[in-house]
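Take a look at the structure below.
The values are calculated or read from the model by the stated rules, or taken from the named source; none is laboratory data. All values derive from a computational prediction rather than experimental measurement. Backbone-built Cβ (ideal geometry, glycine too); neighbour counts: all protein chains shown.
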Amino acid sequence: MRLLLLCCILLQSTLLLAQTPQELQAIILPKDLVENADSIIRDEQTTVHIPDQRTLEIDYYRVITVLNKKGMSDINAVIDYDKDSRIKKLEAIIYDKFGKEIKEVKKNDFKDVSAVGGSTLFSDSRIKYLEYTPVSYPFTVVFSYSKVTKDTALIPFWYPNTTYQSSTVKSMYTLTYASEFELKHKVLNPSEQIVIDESPGKIEVSVKNYKAYVPEAYGPGFKKIVPKVIFALNKFHLSGVDGTGDDWASYGKWIDDYLLKGTRELPLETKNEILKLVEGDTSKIEKARKIYEYVQQKTRYISVQIGIGGWKPMLASEVDALGYGDCKALTNYTKSLLEVAEIPSYYTVLYAGGDKNDIQSDFASMQGNHAILSIPNGEEYVWLECTSQDIPFGFIGDFTDDRDVVVITPEGGKIVHTDIYDYSKNTQHLTGVCKITPEGALEATVTMKSKGIQYNDRYALENQIESDQNKHYYNFWRHINNMKIGSIDLENNRRDVVMNEKITFSADNYASFAGEEMLVALNAVNRYTNVPKRYKERNLDLYIDRGFVDEDEVIVTIPDTYVLQDSFENIHEESEFGTYDVTFERVDDNNIKYTRKFSMYNGTFSKEKYKDFRSFIRKIVRYDDQKIVLTKKQ
């Protein structure tokens, strides 16, 4: 997803401007912009000109100083091209910290690779990028290009900076367009520092001295805080087709009529195979499930982001013959198969990724970086992620959940919200037996049943090799030293979307000794250990993206040669962020039943609440580490 973001940003460009060696020195950078920064954009100038419906010209120029190794990915010297675009000029010059030229990189010296590694399916979709290994830091890169494309629907966006811990001295974006067009723009996450000037046929966006964002624990994603200006024309050209669209209804109608129609023909043999597959089924959903699983078994996914590999999906007949495709192709192919069984479904465009980025419902334009399929089911939709061979039918997980998407129907586009996995749906139920030996070792058998996003975090374990599975559990129980995995038994119940895990393990020296007493942490198998970072001054709101509910029921068996004399008090903590309950039951002299329930709520809270949240978590970490004292029998 990061590569897509880089390519979208770098679809901007301007004329190469002369810089003096003094201006390129890294030792004269503004101190307030160096603070918290791994890189600094010294100067960025983007000029976009749209003289007609089928021509978009981009000139881009950027001077960026990389302060340390972490800033290397901020160079972003990347440009994509295809059969509908042409790179007119491309170069980069690298300078040391004193402004002395180190290296000049011409167009032919840039690495040139397919947008799809190891595939010739999209051989006309390619990427050029700068490959450079620095000798020392800081250093400066002057990067520029000129490009012309026929796709006027894809006007480059503008950001003041593109990632955390990168600041900007100045950035200017200028867009000019022919008088026959109507241009609209929208500012997301507005800032008083952003200046926008509009005049007939022209818009300018600029910023100066924009400081770096610093990520904070439990903070919102970068895309939710950085300002962004997006643009769209009322008349445009895309993938060889002219288009118009003033709202999502008309935009979606155009996509369905011109980009999707004529792509879903299938061989007769395949049609017959599908009809035989669903023969006898009366439920629309059960038919759809069988067809979805058929696609999973027959095809594999190749990565081509929307906007790089074009917006028009490849023919369903080609996917059927080749057995692979990108998100557009596999979504369209699944839709084609469902049509054979007379099951309506809708091609759906969205922004995928963990940040829950929405399609802008009030700004009809070519948006999104991914395609999925939606099946209308009464007042709701069944969502299908067609690129995965493993994900269950109707489950979308944290890649596409809880966000506005555009559903493309024959009548036009509709903004719909995908499934929300509320904290109460993201559950883990754990049962276990933990035996403490007289030597203080731990012998444990643990069974876990996970649903919702907690299922999402685990279902891939089923197909991992043993060493990777072991690595997962060693990390999950990283608070236990000297741990040794005994057995791992996994069952992925795709139909009910439940992940079942049974693990046995042991650990020497789990308990500690003080003379005749043994100290044992009662919660061995599901301990919360991460206390959020303390900030002298919190800058970002508190964002609990996806909450959860953990329920544990564990029998702790103590050695016959020890006696437990402690009395227990049940624990209850409640806050606006969640609840925590622990109860103790002394089953007999050697067994304690430990029951724990921890709920963390979804939500966004003001930054002033962070201190209270941190206090709540600290209590849980302390309670989870609570120890019992065993005295050796005389």
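Some notes on this structure:
- Residue selected from segment 101-130 under the condition assigned to a loop (DSSP other than H, G, I, E, B) and at pLDDT 95 or above, by the criterion surrounded by the fewest Cβ atoms within 10 Å (Cβ to Cβ): Lys106
- Verdict on Leu373 being buried (at least 20 other Cβ atoms within 10 Å of the Cβ) and in contact with a Cys (Cβ under 8 Å, 6 or more places away or on another chain): yes
- Taken over segment 600-634, the criterion of being among the hydrophobic types (A, V, I, L, M, F, W, C) and either closer than 30 Å to Asp589 by Cα or assigned to a strand (DSSP E or B) (or both) is satisfied by Met600, Phe605, Ile620, Val621, Ile628, Val629, Leu630.
- Checking Arg596, Arg618, Arg546, Arg586 one by one, the residue that is without any contact (Cβ under 8 Å) to a residue 40 or more places away in the chain and of a type in the set (Lys, Arg) is Arg586 and no other.
- Positions within segment 392-423 being touching a Ser or Thr at 6+ places or on another chain (Cβ under 6 Å), touching a residue at least 60 places away in the same chain (Cβ under 8 Å) and more than 17 Å from Val382 (Cβ to Cβ), in sequence order: Ile415
- Once segment 458-482 is narrowed to residues that are in contact with a strand residue (DSSP E or B) (Cβ under 8 Å, 6 or more places away or on another chain) and touching a residue at least 40 places away in the same chain (Cβ under 8 Å), the residue that is surrounded by the fewest Cβ atoms within 10 Å (Cβ to Cβ) is Glu462.
- One residue alone among Ala178, Ala212, Ala217 is over 18 Å from Met366 (Cβ atoms), in the same structural domain as Pro30 (by TED's automatic domain parsing), over 27 Å from the mean Cα position of the chain (by Cα) and aliphatic (A, V, I, L, M), and that residue is Ala178.
- Single residue of Thr176, Thr162, Thr168 found to be closer than 19 Å to Ile41 by Cβ, surrounded by 15 or more Cβ atoms within 10 Å (Cβ to Cβ) and at pLDDT 95 or above: Thr168
- Looking only at segment 560-595, and only at residues there that are aliphatic (A, V, I, L, M) and surrounded by 12 or more Cβ atoms within 10 Å (Cβ to Cβ), the one that is farthest from the chain's Cα centre (by Cα): Val563
- Selection within segment 410-451 - of a type in the set (Ser, Thr, Tyr), more than 17 Å from Gly353 (Cβ to Cβ) and buried (at least 19 other Cβ atoms within 10 Å of the Cβ): Tyr423, Thr427, Ser450
- Qualifying residue in segment 181-195 (condition: surrounded by 14 or more Cβ atoms within 10 Å (Cβ to Cβ) and either touching a Ser or Thr at 6+ places or on another chain (Cβ under 6 Å) or of a type in the set (Gly, Ala, Ser) (or both)): no
- Selection status of Lys261, free of Cβ contacts under 8 Å to residues at least 24 places away in the same chain, closer than 20 Å to Pro313 by Cβ, outside the structural domain of Ile196 (by TED's automatic domain parsing) and out of contact with any Leu (no Cβ under 6 Å at 6 or more places or on another chain): yes
- Condition met for Phe513 (surrounded by 20 or more Cβ atoms within 10 Å (Cβ to Cβ) and of a type in the set (Phe, Trp, Tyr)): no
- Segment 131-149, subset surrounded by fewer than 20 Cβ atoms within 10 Å (Cβ to Cβ) and part of a loop (DSSP other than H, G, I, E, B), residue modelled with the lowest pLDDT: Val135
- Test: residue in segment 538-560 that is at pLDDT 95 or above, outside any loop (DSSP other than H, G, I, E, B), within 25 Å of Asn456 (Cα to Cα) and touching a Pro at 6+ places or on another chain (Cβ under 8 Å): yes
- Qualifying residue in segment 31-49 (condition: farther than 26 Å from Ile230 by Cα, buried (at least 20 other Cβ atoms within 10 Å of the Cβ) and under 29 Å from the mean Cα position of the chain (by Cα)): yes
- Residues satisfying the stated conditions in segment 340-382, i.e. within 19 Å of Gly413 (Cα to Cα) and either assigned by TED's automatic domain parsing to the domain that holds Ile225 or of a type in the set (Asp, Glu) (or both): Asp358, Asp362, Glu379, Glu380
- Leading residue by the ranking (nearest to Lys609 (Cα to Cα)) among those in segment 563-578 that are in a strand (DSSP E or B) and either in the same structural domain as Gly354 (by TED's automatic domain parsing) or at pLDDT below 95 (or both): Leu564
- Among residues of segment 598-608 being touching a Phe, Trp or Tyr at 6+ places or on another chain (Cβ under 8 Å) and surrounded by 15 or more Cβ atoms within 10 Å (Cβ to Cβ), the one that is farthest from Ile555 (Cα to Cα) is Phe605.
- Applying the criterion of being among the acidic types (Asp, Glu) and crowded, with 23+ Cβ neighbours inside 10 Å to the residues of segment 50-92, the residue that is farthest from Tyr177 (Cα to Cα) is Asp74.
- Against the list (1) touching a Pro at 6+ places or on another chain (Cβ under 8 Å); (2) within 18 Å of Gly368 (Cβ to Cβ), the condition Val241 fails is (1).
- Reported count of residues in segment 483-522, each being in contact (Cβ under 8 Å) with a residue 40 or more places away in the chain, assigned to a strand (DSSP E or B) and of a type in the set (A, V, I, L, M, F, W, C), is 10.
- Residue in segment 328-338 that is within 30 Å of Pro220 (Cα to Cα), touching a residue at least 60 places away in the same chain (Cβ under 8 Å) and not basic (Lys, Arg) present: no
- Among the residues of segment 487-501, those that are farther than 23 Å from Lys425 by Cβ and either surrounded by 14 or more Cβ atoms within 10 Å (Cβ to Cβ) or touching a Ser or Thr at 6+ places or on another chain (Cβ under 7 Å) (or both) comprise Ser487, Ile488.
- Single unsatisfied condition, Gly368 versus (1) more than 27 Å from Arg289 (Cβ to Cβ); (2) surrounded by fewer than 21 Cβ atoms within 10 Å (Cβ to Cβ); (3) within 17 Å of the chain's Cα centre (by Cα): (1)
- Hey, Leu490 within 26 Å of Thr595 (Cβ to Cβ) and at pLDDT below 95 or not: no
- Taken over segment 260-293, the residue count meeting the criterion of being at pLDDT below 95 and in contact with a strand residue (DSSP E or B) (Cβ under 7 Å, 6 or more places away or on another chain) is 1.
- For segment 370-403, the tally of residues that are assigned to a strand (DSSP E or B) and touching a Leu at 6+ places or on another chain (Cβ under 8 Å) stands at 8.
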